[in-house]
1. Condition check: surrounded by fewer than 22 Cβ atoms within 10 Å (Cβ to Cβ), touching a residue at least 60 places away in the same chain (Cβ under 8 Å) and away from every other protein chain (no Cβ under 14 Å). Does residue B:243 satisfy that?
2. Any idea which residue in the stretch B:121-138 is least open to solvent (accessible area, probe 1.4 Å), counting only those that are within 14 Å of residue A:168 (Cα to Cα) and more than 7 Å from chain A (Cβ to nearest Cβ)?
3. I'd like to verify a number: residues in the stretch B:153-184 that are within 14 Å of another protein chain (Cβ to nearest Cβ) and open to solvent by less than 80 Å² (accessible area, probe 1.4 Å), how many?
4. Give me the residue from the stretch A:63-86 that is of a type in the set (A, V, I, L, M) and open to solvent by less than 10 Å² (accessible area, probe 1.4 Å) and, out of that set, farthest from the other protein chains (Cβ to nearest Cβ).
5. Considering the stretch A:304-331 alone, what residues qualify as being among the β-branched types (Val, Ile, Thr) and open to solvent by 30 Å² or more (accessible area, probe 1.4 Å)?
6. Among (1) out of contact with any helix residue (DSSP H, G or I) (no Cβ under 9 Å at 6 or more places or on another chain); (2) in contact (Cβ under 8 Å) with a residue 12 or more places away in the chain; (3) open to solvent by 50 Å² or more (accessible area, probe 1.4 Å); (4) of a type in the set (D, E, K, R), where does residue A:278 come up short?
7. All but one of (1) assigned to a strand (DSSP E or B); (2) at pLDDT below 95 hold for residue A:82; which doesn't?
8. What are the residue pairs meeting all of these: first residue in the stretch A:170-198, first residue more than 12 Å from chain B (Cβ to nearest Cβ) and at positive phi, second residue assigned to a helix (DSSP H, G or I) and surrounded by fewer than 19 Cβ atoms within 10 Å (Cβ to Cβ), Cβ atoms under 9 Å, and 6 or more apart or on different chains?
Amino acid sequence: MPQLHDVDYTLEYPYTRTTGPIIGPFLTGLRDGRILGQRCGDRVLCPPMEFDPDTFATLESDLVEVGPGGEVVNWTWVAEPSAKHPFDRPFGFAFIKLDGADTALVHAVDTGGDPEAMSTGMRVRAQFRDERHGSVADVYFVPEADAADQVIEPGEEPVTITEHLIGLRINEPLYPHRARFAQGLLDGKIIGQRSPVTGKVYVPGRGYDNMSRVLMSESDEVEVSDVGTVVAFTELNPVQYYGQTETEPYVRCSILFDGTDQPVIGIDIRDMTVDEMRVGMRMRCIWRDPEERSVEDIDNRYGNIPETVYARFEPTGEPDIPADELKEHSW
Amino acid sequence: MVSVAEDVAIVAFEQTPSHAHFNDSEPAMIMPCVNSVIEQVGMDRHDIDFTIAGSCDYLSGMPFAFVMNIDAVGAWPPVYESHVEMDGAWALFEGFVRLQSGDIDTVLVSGSGKCSPGSYREGFSLQTDPYVHAPIGLDPRTQAGFQAQALIAAGKATERDFAEVVARSHANAKDNPYAQLSGDLSVDELLAEPYVQQPLRRLDCPPTSDGAAAMIIARADKARELCDNPVWIRAIDHRIDSHHPTLRDLTDSPSVRIAADRVGLHDGPVDIAELTVTYSPEEIILRDALGLNGETSVNPSGGPLTGSPFMAVGLTRVIELARAIRNGDGGRGVAHASSGPALQQNLLCVLEGDG
């Protein structure tokens, strides 16, 4: 039989940023195997900046090559790298004052996992990765004695855009009320929560009644009908954003199940066209066979009644409910 | 010193315990706090003039998570409401400033965060410069490691000093029912632990925590009407240092020094200091920058090393100080909140009792 599971997903956002007149050449340089600093009066800033950090005056682009060697002026050892770090084994993060620069760059030093190799004043040298994308992660550092000579093929176009895909991993158990709701779906039941204050029934329950500001628990839970009324619908034409899995238009609707006070939104209809949908239409849930049901798409934040538990929603043939009577629930 | 147009007092406050994992939603965590502060002052929810919350969507793992949190503060029929993507202490700041206009009387402030479902090291690395720092995952613990190393290199502190901060914090937390960690620790045993972020060890860093806090603040006349023992916010100020750690002297906090001057910290006795010491070396920097001497009790609650629900932890410092003043542990003190890595942003709030 299908079972409940912990929530485990990675929320991703692709960020695209323009690079501007100083960071752009800096990132272009890294892609091409060179490190550039920005002149600022008598000083050279690396990482380069678009403004004087003391006066905040705008700096015109005036870049000069620095490094590839430099000196560690501060460091810390990362015993447990995060998934976002440049190395998946222990390494040092360091403030590195590159030869020819007056300020320090924060970057990673790979000593082969040996913290004893790190020290303030140590000499390091830049190494460039085989795959470079015009990012600060194109480079890393090693103790000078371990550095290899590299031949870097420059790219063609200057870097004017930087892409950064961020990912936040979320891992936790289903909250108790979410677990009971999800288990209900596996059992072919829709579980709601009845407010102890107003008597209104919410599906799915959130563990509280936000109108009366009271927490709700298992004792407030009720099984509700799997027959209801369409209160809203639309046709979705999938825009191909990052992470989109849909390609064809489909109908999404909200259904107010009998005896409840809040429609379940986001119910997808694959076997009817938008022309066949009506507000007020009576619909019944036709469940999948028990062993074919899955609640993998239900987490603590998203997921109401997913397609993985029902085969389809079917018009009951009863007369429509007048739309006027549904105004309170049109969402 | 900043002049205050309208005297403002804290009239009610509540916090959750610092949970290692709170197995329900963020609104379910905030709601009992909000209900408690409303009950303490006996107000009708809709008589509160302004509502403001602090939280972090990256931490919650959901776009617009802060909108869901409004479920907890009671927003129907609609209320006048705002949000900061910051610790609740900054929501307090905005609420305090809003009251200075003199046209409204009461503000409901909250702060909340759940660190347990995700990785705060990965999430908060996104606070850093998006071109040169975030792509290499430069996380707050790493930046705390740099700060610790800088203190040692400058001869301003030793690893033993860090361990002493940890031991004192855990001992203080023994009397704090909201603390997540507490107990008697031996400095020598702490120093025998392995590094997680050399020169920092596990307990030099905060525990992973979930929690929430809420408060009602009011203008003077209303404050006296709502409670018998208001705690007065005498001054509040927020200052920042560069987001490039290599451009800072990490062994000092110029922004704290400026803020301390602006709030007139030493214009009166500083009996208690509740400081956002997220990593143990920060206490050494803060004591120095605040000019604290042996007469000030520092983090009698145990502080964030014993429970650190990000986005609530700064507001909780203000609450812990207000509670201590109400209890008569002191007459005047300072609460400190921090944001950004390695004490990059700092907020100070001076509280005084009604005596």
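The values are calculated or read from the model by the stated rules, or taken from the named source; none is laboratory data. Quantities reported herein were computed from a predicted structural model and do not represent experimental measurements. Because the Cβ atoms are built from the backbone with ideal geometry, glycine has one as well, and the counts that use them run over all protein chains shown. Note: accessible area is taken over every heavy atom of the protein model, side chains too, but ligands, DNA and RNA are not part of it. Shrake-Rupley method; radii C 1.70, N 1.55, O 1.52, S 1.80 Å.
1. Details: surrounded by fewer than 22 Cβ atoms within 10 Å (Cβ to Cβ): yes; touching a residue at least 60 places away in the same chain (Cβ under 8 Å): yes; away from every other protein chain (no Cβ under 14 Å): no.
Taking the combined requirement at face value, the residue does not satisfy it.
2. B:124
3. Number satisfying all stated conditions: 4.
4. Our first condition is that a residue be of a type in the set (A, V, I, L, M); within the stretch A:63-86, this holds for A:63-64, A:66, A:72-73, A:78-79, A:83.
Still in the list and also open to solvent by less than 10 Å² (accessible area, probe 1.4 Å): A:66, A:72, A:78.
Working: A:66: 14, A:72: 10, A:78: 6 Å.
The selected residue is A:66.
5. Initial filter on the stretch A:304-331 (among the β-branched types (Val, Ile, Thr)): A:305, A:308-309, A:316, A:321.
A:308, A:316, A:321, listed by residue number.
6. Against the list (1) out of contact with any helix residue (DSSP H, G or I) (no Cβ under 9 Å at 6 or more places or on another chain); (2) in contact (Cβ under 8 Å) with a residue 12 or more places away in the chain; (3) open to solvent by 50 Å² or more (accessible area, probe 1.4 Å); (4) of a type in the set (D, E, K, R), residue A:278 comes up short only on (1).
7. So the condition that residue A:82 fails would be (1).
8. So the pair list comes out as A:188/A:290.
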